[in-house]
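The next block holds one structure in the form of structure tokens; read it before the comments.
The values are calculated or read from the model by the stated rules, or taken from the named source; none is laboratory data. The shown structure was predicted, so the numbers you read here are calculated from the model rather than taken from an experiment. As a convention, Cβ positions derive from the backbone with ideal geometry for all residues, glycine included, and neighbour counts pool all protein chains shown. Please note that ligands, DNA and RNA were not included when accessible areas were found on the heavy atoms of the full protein model with its side chains. Shrake-Rupley method; radii C 1.70, N 1.55, O 1.52, S 1.80 Å.
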Amino acid sequence: MKGENWREALIAAVKPYRFRYDEPLAGYTSFRIGGPADLLVEVNTRAELDRLVRYCAGEGIPWLLLGRGTNVLIKDGGICGVVIRLGPDFGRITVEGVELRAGAAAPLALVAETAARHGLSGLEFASGIPGSLGGGVYMNAGAYGNEMKDVVVAAEVYRPGVGFTRLTREELELAYRSSVLQRTDGILLEALLRLTPGDETAIRAKMKELNARRREKQPLEYPSAGSVFKRPAGAYAGRLIEVAGLKGKTVGKAQVSTKHAGFIINLGGATAQEVLALIEEVRAVVFQRTGYWLEPELRILGRE
Ligand SMILES: Cc1cc2nc3c(=O)[nH]c(=O)nc-3n(C[C@H](O)[C@H](O)[C@H](O)COP(=O)(O)OP(=O)(O)OC[C@H]3O[C@@H](n4cnc5c(N)ncnc54)[C@H](O)[C@@H]3O)c2cc1C
């Protein structure tokens with residue numbers, strides 16, 4: 001990052017749709033935690049995104065893309081460089097036959113709702129996942145036995161230094177909470193989903209049932225980032241944490257949920273440092289008592 005006026009220079013060169021200096025990110029995450037971004041930039045066209053990423057590469061400015069912020073823990077020091085968000089034009093959804101095309105910024109719940117309205121089955125599992133379509137593909141989000149991999153057939157992706165490309169399902173390398181995007185800095189712009197014809201009433205009933213199960217099992221009344229840890233082979237993280245006696249364990253205002261031990265909740269005003277301390281304690285105690293080493297599922301981003 002060259003010079004103290006790097007932000008003004010970037011705005012002048014890129015001319016983005018919207019931007020904010022030193023924007024606190026807590027309000028952009030479901031955890032309600034996170035320090036400021038040096039610069040938050042919202043782009044609303046592919047050309048703007050291309051200009052921005054190229055400019056950052058040329059000037060050595062770090063950037064990261066934020067979706068709906070439902071699977072991230074942003075540290076208290078915030079994010080160095082640019083946080084990119086995709087604007088409303090990246091949130092379009094269209095349906096043709098059994099194919100649904102959705103922009104990365106579209107909320108997964110809205111994508112699932114659109115499918116239901118068109119009598120298309122396959123996205124019932126996603127109706128209660130609070131992230132974006134882009135974050136959903138990046139993480140290969142899943143629930144109740146289904147995942148994005150089951151429905152995604154292709155995606156439009158922007159790759160720094162490469163440009164705009166189309167990737168097939170195989171090229172996306174979707175696996176448990178993983179995709180090729182995580183290894184290539186790829187930005188997902190749009191995905192093509194193939195669904196199956198179904199009965200709208202039955203689809204909605206399924207969505208309602210799954211969402212009722214969520215409300216019953218998950219601490220949705222508190223800010224969180226969903227499941228903190230990946231499911232280790234042959235076990236459930238929540239169960240291991242419970243067995244280790246950590247349900248309700250609290251550091252400052254961060255707590256292992258008493259309703260679902262796989263979640264850490266923000267009791268109000270928790271800091272990222274408190275959440276991180278709790279995560280480390282959970283990992284250490286679970287390892288000591290069960291022999292399993294838990295890997296975080298949520299993305300931990302930013303500076304101390
Ligand atoms: C209450 C609750 C329940 C949840 N339940 C589930 C569940 O059942 N199943 C499940 O899998 N997850 C669940 N989650 C986690 C989360 O909703 C998903 O992982 C979701 O897909 C993340 O999307 P996002 O837009 O919020 O991504 P963010 O949290 O904004 O970002 C997560 C990662 O994705 C990257 N990313 C986001 N958008 C893009 C894009 N367009 N291109 C490239 N990279 C991108 C970011 O850079 C970041 O590294 C839950 C979360 C909460 C809070």
*Roll a 1.4 Å probe over the protein heavy atoms and report the accessible area of TYR17 in Å², nearest 10.*
90
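Would you mind calculating the relative contact order of the chain from Cα pairs under 8 angstrom and at least 6 residues apart, reporting the percent as a whole number?
Numbers: 656 pairs, mean separation 53.7, N = 304.
With pairs under 8 Å counted, the relative contact order is 18 percent.
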*What is the spin-label model distance, in nm, from ALA13 to PHE164 if the labels are put 7 Å beyond Cα along the C-beta direction?*
2.2
_LYS149 accessible area, 1.4 Å probe, all protein chains in place, Å² to nearest 10_ = 80
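How many percent of Cα pairs in the chain exceed 28 Å? Don't jump to the answer; show the numbers that get you there.
Numbers: 19178 of 46056 pairs.
Beyond 28 Å sits 42 percent of the P(r) for the chain.
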*Please identify the helices of the chain, taking whole runs of DSSP H, that span at least 15 Å along their own axis as judged from the Cα atoms and have a mean Kyte-Doolittle score of -1.0 or higher.*
46-59, 272-290
_Accessible area of the stretch 1-151 belonging to carbon and sulfur atoms, whole % at 1.4 Å probe_ = 50
*What distance in nm separates the simple spin-label points at GLU171 and ASN211, each placed 7 Å from Cα in the Cβ direction?*
3.5
*asked:* Suppose we keep just the DSSP beta bridges with both residues in the chain; what percent of those would be antiparallel, to 5?
replied: 75
*By its C-alpha gyration tensor, with a ≥ b ≥ c as the square roots of the eigenvalues, how is the stretch 22-114 shaped: rounded for a/c under 1.5, else prolate for a/b larger than b/c, else oblate?*
oblate
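Of LYS75/LYS247; LYS230/LYS253; LYS208/LYS249; LYS217/LYS249; LYS149/LYS253; LYS149/LYS206, which ones are farther than 27 Å apart at the Cα? Mind dumping the intermediate values first?
On the way: LYS75/LYS247 24 Å; LYS230/LYS253 23 Å; LYS208/LYS249 32 Å; LYS217/LYS249 18 Å; LYS149/LYS253 36 Å; LYS149/LYS206 20 Å.
LYS208/LYS249; LYS149/LYS253, as the Cα separations exceed 27 Å there.
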*asked:* Using 0.36 nm times the number of residues separating ASN5 and ASP50, minus their current alpha carbon distance, what extension gain do you get?
replied: 14.1 nm
_Which of GLU170, GLU221, GLU200 ends up with the largest GNM mean-square fluctuation for the chain, with Cα atoms connected below 10 Å?_
GLU221
*Could you tell me which chymotrypsin sites (Phe, Trp or Tyr not before Pro) in the stretch 136-224 are loop residues by DSSP with no more than 13 other beta carbons within 10 angstrom of their beta carbon?*
TYR176
_Net length gained if the chain between GLU59 and GLU280 were fully extended (0.36 nm per residue, minus Cα distance)_ = 76.0 nm
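Using only the C-alpha atoms of the stretch 141-281, find the volume of their convex hull and express it per residue in Å³.
Details: hull volume 22.1 nm³, N = 141.
Here the figure is 157 Å³ per residue.
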*Might you tell me the accessible area per residue for the chain, computed with a 1.4 Å probe and given in Å²?*
46
*Which of these, GLY134, GLY142, GLY163, has the largest mean-square fluctuation under a Gaussian network model of the chain (Cα springs below 10 Å)?*
GLY163
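Compute the Rg/Rh shape ratio of the stretch 219-301: radius of gyration over Kirkwood radius, all on alpha-carbon atoms.
Numbers: Rg = 11.5 Å, Rh = 12.4 Å.
Using only Cα positions, Rg/Rh for the stretch 219-301 is 0.93.
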